[in-house]
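Undergrad: Below you'll find the structure I mean.
The values are calculated or read from the model by the stated rules, or taken from the named source; none is laboratory data. Worth saying up front: this structure is predicted, and the values here are computed from it rather than measured. We place every Cβ from the backbone using ideal geometry, glycine too, and count neighbours over all the protein chains shown.
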């Protein structure tokens, strides 16, 4: 027979809210959610007019990582533009969204392509160690994470699309991230981009 009281004592749960930061601890795991911050305008003809962002920091089983989240919506005119860019032989572009460290030579975090997630139709995931075309080139740390929609004709207006990135935290340092809408050619190289928001996060755990 299982002693439920004894079993429950092995699980320690603490929920603390300090300002705008939510901290949750479950035994060896802990996580923190930042406050949210968003935008309500756009510049690029392919960019979402509305979006919101937050950071989710997790420490569990010896792993320490940060999940920047973005959710965003496109109006009908933008969806029409996206489909035009995709179907036009002049462009043949695919819409995307990236979350990247603004300093190409930052060494505090490292993006993990295996942990990316999006609700885009037929998403393609990628991480890059920028800069790729300048001297000196990348420094061995993936500073860019991206999702590209490979089925733009399935995109719809006012849908609440999501993109979750993942960066391994190497050192605890304040790091600035850019949240950017983009268009990409058939080789998955960015042709146009519109940075919607920049914000800084410092690890709490």
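Undergrad: Residue pairs, Cβ under 9 Å, 6 or more apart or interchain, first in region 125-138 and farther than 9 Å from residue 104 by Cβ, second at pLDDT 85 or above and surrounded by fewer than 12 Cβ atoms within 10 Å (Cβ to Cβ). List them.
TA: Hits for this filter: 125/114.
Residue by residue, here is whether (1) surrounded by 15 or more Cβ atoms within 10 Å (Cβ to Cβ); (2) under 20 Å from residue 33 (Cβ atoms) holds:
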| site | (1), (2) |
| --- | --- |
| 112 | yes, yes |
| 138 | yes, no |
| 175 | yes, yes |
| 186 | no, no |
| 200 | no, yes |
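Undergrad: Check residue 90 against each of (1) crowded, with 17+ Cβ neighbours inside 10 Å; (2) out of contact with any strand residue (DSSP E or B) (no Cβ under 6 Å at 6 or more places or on another chain) and name the one condition it does not meet.
TA: For residue 90, the failing item is (1).
Undergrad: Turning to a different aspect of this structure: Give just the number: which of (1) in contact with a helix residue (DSSP H, G or I) (Cβ under 6 Å, 6 or more places away or on another chain); (2) in contact (Cβ under 8 Å) with a residue 40 or more places away in the chain does residue 121 not satisfy?
TA: Looking at each condition in turn, residue 121 falls short on (2).
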